[in-house]
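Below is one structure, written out as structure tokens; comments come after it.
Rule-based calculations on the coordinates, nothing more; no lab input. Note that this is a predicted model, so its numbers are computed, not measured. Here the Cβ is made from the backbone with ideal geometry for all residues, glycine too, and neighbour counts use every protein chain on show.
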Amino acid sequence: MNLRYHKNRPFLIVNTVHRPAKAVRTEHKGWGNMPGNWDSLESVAVVDRVSDKNRRSATVIIDLLQKTLIHNRYSESPAADVLKHYLDKYAGQSNEAMGIWLARQANATASSSSLPFAVSSTSAVGSTQNQPDNDFDFNK
């Protein structure tokens, strides 16, 4: 995976930790072979860049913009099922992250577009040369 292509868009990163369930007698032989003896804890983060550290530690990485699975440690499960599960489970966080990302993109686009007037740092004090038109009504 080439990480330089995994930036400037939102990614859902899921880290899963498995630990013994409460009140499990871990001193008994074979306690780990029973599925009910484990608790799984998930921590979820939405980032705009996948780092090497994220790639090493994450259980699942999903590109939210393209809705694709980037990294999957659940090799026994089909990628489509894993993608659907996490997009459904964390739909609220995904939608909120996409909203924030789209708002930032809109701000970046708006700030880089040409303004109706230019402000010059070399203009004289009191000069009206680079001032906006005062007859524009903001209440329209």
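See the values below:
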| quantity | calculated |
| --- | --- |
| Positive dipole terminus of region 42-84, leading residue within Q66, V44, N54 (C-beta point charges) | N54 |
| Region 3-112 - charge dipole about Cα centre, Lys and Arg +1 at Cβ, Asp and Glu -1, debye rounded to 20 | 300 debye |
